[in-house]
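Here the structure comes first, spelled out in structure tokens, and everything after it is commentary.
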Amino acid sequence: LLVPQSQREVITDLAPHPLDICNYLSGKWPSKVTCWGRGYRTKDNEEVAFITADHDGEMTAHVEVSWLDREKRRDVTAVGGNGMAHLDCSEQRLVLHGVNGPEQIQITPNNTLRSEILHFIDCINHNPHALPSLSDGLVGANVVSVLEAARQSLAEERTVQVRFPIAEEIPAK
């Protein structure tokens, strides 16, 4: 297990990426958030957290983050009226579960961290406004707003509204 942390907690450490994925897939940010978490080996910082993000009743995202789970998982499951899709981000495998049963979808595996670094280098070497960006400052600020709402929900033990610095939604991809 990871050594107990005294300077950070699991929500701001691990939740930004899944929250960003939800926005990338839906083009929407949640309007309200409910969060529960606990530190089992330390009272100061959460080591496990469960975040439920409601997107105006259209979509609900549930994010689980943990430093205590020995199995490293990075999964995205999308459930809809006609079935569900399960993406194992670590193995880079996608399975659709529909009325005709499961179907494995071929995807081209990639090294997303490498792609991010190369994009960052391109932005430095060229005019950053000339390159398309899916991770601009507004996206980062909105992720922080959702994280702050989750921390507030945890502290106050209630569902809280998310307040965004700029009320602008990113168009769906």
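Laboratory data are not the source of any read-out in this text; all were calculated from the coordinates shown. In this text, all values refer to a predicted model and were calculated from it rather than measured experimentally. Cβ atoms come from the backbone with ideal geometry, glycine included; neighbour counts cover every protein chain shown.
Among I105, V95, W67, which residue has its Cα furthest toward the positive end of the charge dipole of the chain, with +1 on Lys/Arg Cβ and -1 on Asp/Glu Cβ? Ranked along the dipole, the leading option is W67. For the chain, the dipole from Cβ point charges (+1 on Lys and Arg, -1 on Asp and Glu) about the Cα centre works out to 240 debye, to the nearest 20. The charge dipole of the stretch 1-92, taken about its Cα centre with unit charges on the Cβ atoms of Lys, Arg (+1), Asp and Glu (-1) only, comes to about 200 debye.
Extension gain for T108-S90 works out to 5.2 nm (0.36 nm per residue, less the C-alpha to C-alpha distance).
Other residues whose C-beta falls under 9 angstrom from the C-beta of E47 contribute a net charge of 0, scoring Lys and Arg +1 and Asp and Glu -1. For a paramagnetic label modelled at 7 Å from the Cα of A78 toward its Cβ, which residues of the stretch 7-37 fall within the zone defined by backbone nitrogen distances under 17 Å? Only 18-30 fall inside the zone, counting backbone N under 17 Å.
Screening the chain for DSSP H helices whose Cα atoms reach 18 Å or more along their own axis and whose mean Kyte hydropathy is at least -1.0 gives 112-125, 137-156. Each label point was placed 7 Å from the Cα along the Cα-to-Cβ direction; for E64 and S115 their separation is 2.6 nm. Given axes a ≥ b ≥ c from the Cα gyration tensor, I'd like to know whether the stretch 4-88 is rounded (a/c under 1.5), prolate (a/b larger than b/c) or oblate. In terms of gyration-tensor shape, prolate.
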